[in-house]
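Contents: one structure, followed by commentary.
The values are calculated or read from the model by the stated rules, or taken from the named source; none is laboratory data. Remember, it's a predicted structure, so these values are computed and weren't measured experimentally. Cβ atoms come from the backbone with ideal geometry, glycine included; neighbour counts cover every protein chain shown.
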Amino acid sequence: MMRISRPGRRPIQKTMTRFIVRSDRRSRGISAGFQQRRFVVTGWPGIAWLVVAAVITAGVGCRAYRSVPETIGNDTRCVDAIMCDVDAGAPPEVYPEPPPMPMTLRDPEAFESASYRDVTLLEVIQIAMTNTQVLRDLNATVLRAPEQLASDQTLQLVQTDPQQSIEAALSAFDAQLYAFGKWQNNDRRFNNRFFGGGANAFKQDTHDYVFQLSKRGATGAEVALRSVTDYDANNATGNLTPSAWQTQWHAELRQPLLQGAGVAFNRIAGPAALPGVYNGVLIAKADNDISTAKFRQDARDYVSNVINAYWDLAFAYRDVDAKRAALERSRQTWRSYEAQKASNRRGGSAEALAREQYYRFLSEYQDAIAGKLIQRTQVNNSTSGGTFAGIGGVLAAERRLRLLIGLSIGDEELLRCVDDPLTAPIIFDVESLTAEAIRLRSELQQQRLLVARRQMELLAAKNFLLPELDLVTIYRLRGLGQQLAGDNSAFEEFGSMDYQEYEAGVEFRMPVGFRQAHAAVRNAKLNIARERALLKEQERQVLHDLVACVAEADRAFVQTETNLNRYLAAKDALDALEANREAGLPISLEQLLDAQRRLSESQTRYYQSMAEYTIAAKNVQFESGTLLQDTHVMIAAN
């Protein structure tokens, strides 16, 4: 959810492309989980255990068990339907309706009589956040490299990655349920009675049932509770009874004491870690936070491009105003000299020069309305936030703005900017801007998180310098009887707890020299040194770009004042010449035409310098990392 609020008004909530940011998600359940081990159950209770396990698995597990026809039945109709489209070249499922044709230049009168929809910058940003599911740009990246664009599924894809997400890392600590049942009938002859239990013809029926629940802990311990039940009926002459049930309950613990032990290692590396391969919860959390910071960076770039497109359009309208005024002045001059030519008071050359000037301004006016398909102001165009291109064209700029904010390219109303560009001087506190940039820039946040990730990898790598020393202990209870339950049964003897067993041991393993472990430690240290060097260089680049943008804003403001004075001087010069001409005083035609050109150029340059100043001030917000905050855009966690 993106929230866009206006100063002094109640915040307006709009669904922003459903881009969901998981913020500061705690590593819950880190202490949960043990590695899978077998668990055995026997007898008719064993069958019951198997049924219960199947019900639990079907009810609690994935709903994919409903796809039995596709698995056991080998039903391939769904995949066959998909492959039909693949074989046919993947034709579209639905053909969209063609978009309405946008307004094109037929004559200036059509542009003058068009309907307009006045929009502010805040309204444009609100429309953009409401209508976008993909963070667009003006470089057609969606066609050239669609995998590079962020969308409203970007963070969800990271958070649901079955291999690298936090949930995937936590799954290594999930409790594991295991059930096993086996039934066997043996009927054979032996040449030696010893092998047949005292009989040459040996007949036997056996049942084996196993049920186990196991779990791995954050300390690396593996705990398993296991039930083992077996039934044996045979004709061996040494049997006390023809058949017998035996039931056992096991409690097993395996605790690493050196390598693989400890909460820190298991939270960083995960249970199945290898030197250089770490997939623990904390690593997944760092990766998730890096993805979140990258998403904020993409959102910032998108908002910056929307602002750039807005001021491109605002300048285009002002440029049209300047070209329209110049065209009207040249029209009047041409008609005046045309009338003098008709009355033989002037030569044809004067009328031709005035006519040439008129068509020159008409051409510029037409281009100012239509525009050309050339590069505009956009992120990473000379500067990180984009340097103002200063190219007019209302219709082209309006279409680009519509593309960015998700509106149809054709509409009965043209978007028209009503916000005025900046004209007041801004004094920037470079010291506070520097602190904000170091703290808030998404690129630096990502790199700092990567440094922290590398530091955790070094801690995990050092653990592999230890030998493996595991403590293994098992406690067993046994029961034996002709019946499984009832009098003189296996359960009765089991309940008496007369037969208890305990087993303990240690296992030791160590590679001589620890070649791989030492390489992993050296590699981790080099990674830390590299990432820190990159972080330092990134900070240097950010501060350089920030100060450069402040200097650019100062330059643009000075140019705004200078070009205003230039425009006023050109206007005064033209007004004086026009006054002399209307008074009948002799004037130079070339001087008059030159004054008209100077006025048109100075007016356009003045509007351009105001747009440059506005974009430069926006770029200071971009470089300091406060652009989203200053434009009242917030990325909130769902």
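Considering only residues that are over 17 Å from Lys294 (Cβ atoms) and not hydrophobic (A, V, I, L, M, F, W, C), which ones fall in segment 137-152? Once the filter is applied, which keeps residues that are over 17 Å from Lys294 (Cβ atoms) and not hydrophobic (A, V, I, L, M, F, W, C), segment 137-152 yields Asn139, Arg144.
Among residues of segment 461-477 that are among the acidic types (Asp, Glu), those with a beta-carbon under 6 Å from a residue that is surrounded by 15 or more Cβ atoms within 10 Å (Cβ to Cβ) and outside any strand (DSSP E or B) at least six positions away or on a different chain give the pairs Glu468/Gln259. For segment 264-283, indicate whether the set of residues that are surrounded by fewer than 17 Cβ atoms within 10 Å (Cβ to Cβ) and either in a helix (DSSP H, G or I) or in contact with a Pro (Cβ under 6 Å, 6 or more places away or on another chain) (or both) is non-empty. The answer is yes, given that some residue of segment 264-283 is surrounded by fewer than 17 Cβ atoms within 10 Å (Cβ to Cβ) and either in a helix (DSSP H, G or I) or in contact with a Pro (Cβ under 6 Å, 6 or more places away or on another chain) (or both).
Total residues in segment 226-263 satisfying the condition of being among the aliphatic types (A, V, I, L, M), outside any loop (DSSP other than H, G, I, E, B) and over 18 Å from Glu507 (Cβ atoms): the figure is 5. Inspect all residues belonging to segment 587-603 and state whether any of them is in the same structural domain as Glu539 (by TED's automatic domain parsing) and within 19 Å of Asp312 (Cβ to Cβ). Scanning segment 587-603, I find at least one residue that is in the same structural domain as Glu539 (by TED's automatic domain parsing) and within 19 Å of Asp312 (Cβ to Cβ), so the answer is yes.
Each residue in segment 601-632 was checked for being of a type in the set (Gly, Ala, Ser), assigned to a helix (DSSP H, G or I) and buried (at least 24 other Cβ atoms within 10 Å of the Cβ), and 4 of them qualify.
Residue-wise test of (1) buried (at least 21 other Cβ atoms within 10 Å of the Cβ); (2) under 28 Å from the mean Cα position of the chain (by Cα); (3) on the phi < 0 side of the Ramachandran plot.
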site: Leu407; (1), (2), (3): no, yes, yes
site: Pro421; (1), (2), (3): no, no, yes
site: Asn463; (1), (2), (3): yes, no, yes
site: Arg476; (1), (2), (3): no, no, yes
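Filtering Leu422, Leu466 for residues that are part of a loop (DSSP other than H, G, I, E, B), not small (Gly, Ala, Ser) and not assigned by TED's automatic domain parsing to the domain that holds Gln629 leaves a single hit, Leu466. The C-beta contact set for segment 143-163 (first residue acidic (Asp, Glu), second residue part of a helix (DSSP H, G or I) and surrounded by 10 or more Cβ atoms within 10 Å (Cβ to Cβ), distance under 8 angstrom, 6+ apart or interchain) comprises Asp161/Ala168.
Tell me, please, whether a residue that is touching a Gly at 6+ places or on another chain (Cβ under 8 Å), of a type outside the set (Val, Ile, Thr) and either assigned to a helix (DSSP H, G or I) or modelled with pLDDT under 85 (or both) can be found in segment 347-360. Among the residues of segment 347-360, not one is touching a Gly at 6+ places or on another chain (Cβ under 8 Å), of a type outside the set (Val, Ile, Thr) and either assigned to a helix (DSSP H, G or I) or modelled with pLDDT under 85 (or both), which makes the answer no.
Within the option set Ala322, Ala354, being out of contact with any Lys or Arg (no Cβ under 6 Å at 6 or more places or on another chain), assigned by TED's automatic domain parsing to the domain that holds Leu628, among the hydrophobic types (A, V, I, L, M, F, W, C) and farther than 30 Å from Thr614 by Cβ holds for one residue only, Ala354.
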